[in-house]
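Asker: Quick one: structure below, then a few questions.
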Amino acid sequence: MSEPTTRVNVPGTADRAYDLHVEAGALARLGGLCRSAAPAFQYAVVADSRVGELYGSRAVESLVETGARAELITFPAGEWNKSREEWAGITDRLLHRGYGRDMAVVALGGGVTGDLAGFVAATYMRGVPVVQVPTTLLAMFDSAIGGKTGVDTEAGKNLVGAFHHPALVVIDPELLATLPRMQRIAGLAEAVKTAAVADADLFEWLEEVAECLVEGDASATREAIDRVVRHKAAVVGADPVESARRAILNFGHTIGHALELIGGFEVLHGEAVAAGMRVEASLGEHLDVTEPGTADRLAALLAACGLDSNLESEHPPRLLWEATARDKKARDGEIRCVLLHSVGQVARDPYSAWTHQIPDASGEAWLTAALRPG
């Protein structure tokens, strides 16, 4: 087993380096970990209604035991509540209760909570520390790490937000015990994505242990967390505000975000990203950028992980194409996608960029060709 702490260095930002602390049972030590990494007079533990009921009191008690003031602030569960309205509501509650700059936010939950509470921290009193405590596999693999915060709007996903790196990320694999099976399966999409863009050996290992991961095997899950977060830490540390190579982590997200938008944010993020990866891998093959057979191998691993829905074929190609144009990764009116060269390696465009421009004039036709048969 690897060491419990991985360091994320964040050069060129106002935030200092921070640790990813992976330890079974770490929630019981949350107070001490927070007081060390993000010392504050009072802590606001932000969680959705489901996670708040499961783990909120334990998190607050751990903080209070250290002598700090702490309270639980909840909001309704659901992706559709990652909104400007909930951001305003949480912010107003903090203001009304007298929280000052000597406070810190503890984001306890999945990706929705991490993004929303992180955005509250980024904007409250012009920025206060945030500690990310992910409770879903997807958040442990990806969204809790890297400082991306924000909310969804009717125009698209994460279009309002800020980079605000956490003071600490506490990953307690024991919290996955209460995670619904489909949420666990959806989280595996981010592990597959990381392997697809950065580590062929990890991809091969995932092919071998996919069934164990689906069933929630503790040893395989811990190893997956260790291996995936180290990749995320390295990429984020080299490119903290996504100006270069960090864009590779958006593989599957251009199409995936479009599917979430079309579905009214009721589709699980991991399901949408899995569909997006299938389409973007197939698109790369149609454009002679990706090695033939890569899309089939990727689809097979996703299926082994329980991510074999045909979500991408449920909407007309034109509707899907129009939705991609509203994504924040679009540039100069053109859609850009991360395309693979092969499993474990991203293809760079003729100008050495990490994403490829898909011209609007022919993009819909290529997208139609890339979609799996329904």
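The values are calculated or read from the model by the stated rules, or taken from the named source; none is laboratory data. Because the structure is predicted, anything quoted here is derived from the model rather than measured. Cβ atoms come from the backbone with ideal geometry, glycine included; neighbour counts cover every protein chain shown. What goes into the accessible areas is simple: the full protein's heavy atoms, side chains included, and nothing from ligands, DNA or RNA. Shrake-Rupley method; radii C 1.70, N 1.55, O 1.52, S 1.80 Å.
Asker: Can you confirm whether region 335-349 contains a residue that is among the charged types (D, E, K, R), buried (at least 16 other Cβ atoms within 10 Å of the Cβ) and at pLDDT 85 or above?
Answerer: Scanning region 335-349, I find at least one residue that is among the charged types (D, E, K, R), buried (at least 16 other Cβ atoms within 10 Å of the Cβ) and at pLDDT 85 or above, so the answer is yes.
Asker: For residues in region 174-197 being open to solvent by 30 Å² or more (accessible area, probe 1.4 Å) and touching a residue at least 60 places away in the same chain (Cβ under 8 Å), which is farthest from residue 275 (Cα to Cα)?
Answerer: Out of the qualifying residues, it is 174.
Asker: If you check every pair at least six apart or on different chains, which have Cβ atoms under 6 Å apart with a residue in region 257-278 that is over 19 Å from residue 110 (Cα atoms) first and a residue that is surrounded by 24 or more Cβ atoms within 10 Å (Cβ to Cβ) and among the acidic types (Asp, Glu) second?
Answerer: Hits for this filter: 275/312.
Asker: Where residues in region 66-87 are open to solvent by less than 60 Å² (accessible area, probe 1.4 Å) and in contact with a Ser or Thr (Cβ under 6 Å, 6 or more places away or on another chain), which of them is nearest to residue 156 (Cα to Cα)?
Answerer: Of everything passing the filter in region 66-87, 77 is nearest to residue 156 (Cα to Cα).
Asker: Just one of the numbered conditions (1) in contact with a Phe, Trp or Tyr (Cβ under 6 Å, 6 or more places away or on another chain); (2) in contact (Cβ under 8 Å) with a residue 60 or more places away in the chain; (3) of a type outside the set (Ser, Thr, Tyr) is not true of residue 161; which one?
Answerer: Of (1) in contact with a Phe, Trp or Tyr (Cβ under 6 Å, 6 or more places away or on another chain); (2) in contact (Cβ under 8 Å) with a residue 60 or more places away in the chain; (3) of a type outside the set (Ser, Thr, Tyr), only one is false for residue 161: (2).
Asker: Give the residues of region 278-322 that are closer than 18 Å to residue 206 by Cβ and open to solvent by 20 Å² or more (accessible area, probe 1.4 Å), sorted by residue number.
Answerer: 293, 296, 297, 299, 300, 303, 304, 306, 308
Asker: So, one more: Which pairs do you get when a residue that is on the phi < 0 side of the Ramachandran plot and of a type in the set (Ser, Thr, Tyr), found in region 301-320, comes within reach of a residue that is assigned to a loop (DSSP other than H, G, I, E, B) and at pLDDT below 90, reach meaning Cβ atoms under 6 angstrom, with the pair 6+ apart or on two chains?
Answerer: 313/371; 313/372; 313/374
Asker: I would also like to ask the following. Residues being out of contact with any helix residue (DSSP H, G or I) (no Cβ under 9 Å at 6 or more places or on another chain), open to solvent by 30 Å² or more (accessible area, probe 1.4 Å) and modelled with pLDDT of 90 or more: count how many of those fall in region 222-274.
Answerer: Here the count works out to 1.
Asker: Can you go through 128, 105, 112 and tell me which one is in a loop (DSSP other than H, G, I, E, B) and at pLDDT 95 or above?
Answerer: 128 is the lone residue from the list that is in a loop (DSSP other than H, G, I, E, B) and at pLDDT 95 or above.
Asker: Can you tell me which residue among 145, 90 is open to solvent by less than 30 Å² (accessible area, probe 1.4 Å), assigned to a loop (DSSP other than H, G, I, E, B) and within 23 Å of residue 165 (Cβ to Cβ)?
Answerer: The conditions single out 145.
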